[in-house]
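Since the structure comes first, as structure tokens, the remarks are kept for the end.
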Amino acid sequence: MEPLEATAIGVLLVEILLFAEYFLKDSGKIKTRAKFEQSKIKKFNHLLSKLISKVAIFVGWHYKSGSYFD
């Protein structure tokens, strides 16, 4: 599997887990539809941005330097 494909799948899974942790965890307790807290949205976006930056560096490094298995 290509590094870009593999990391895209991994990032998507982490994004789903983070979303569930930050936004869906307590949603079962709420009887009416409520807005998400701005602090949670900012934290979620920050964590996801950090992850994507790290993955972008890894993928770029891989395509520049190659792999042991190439």
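Tell me the label-point distance for the pair residue 38, residue 19, using the 7 Å Cα-to-Cβ offset, in nm and rounded to one decimal.
Modelled inter-label distance: 2.3 nm.
Could you tell me the calculated FRET efficiency between residue 27 and residue 65, based on Cβ-Cβ distance and R0 = 30 angstrom, to the nearest 0.05?
Taking R0 as 30 Å, the efficiency between residue 27 and residue 65 is 0.10.
Bear in mind these aren't lab numbers, they're just calculated from the coordinates by the rules spelled out. Computed from a prediction, not measured in an experiment: that's the story for all the values here. Glycine also receives a Cβ, built like all others from the backbone with ideal geometry; neighbour counts cover every protein chain displayed.
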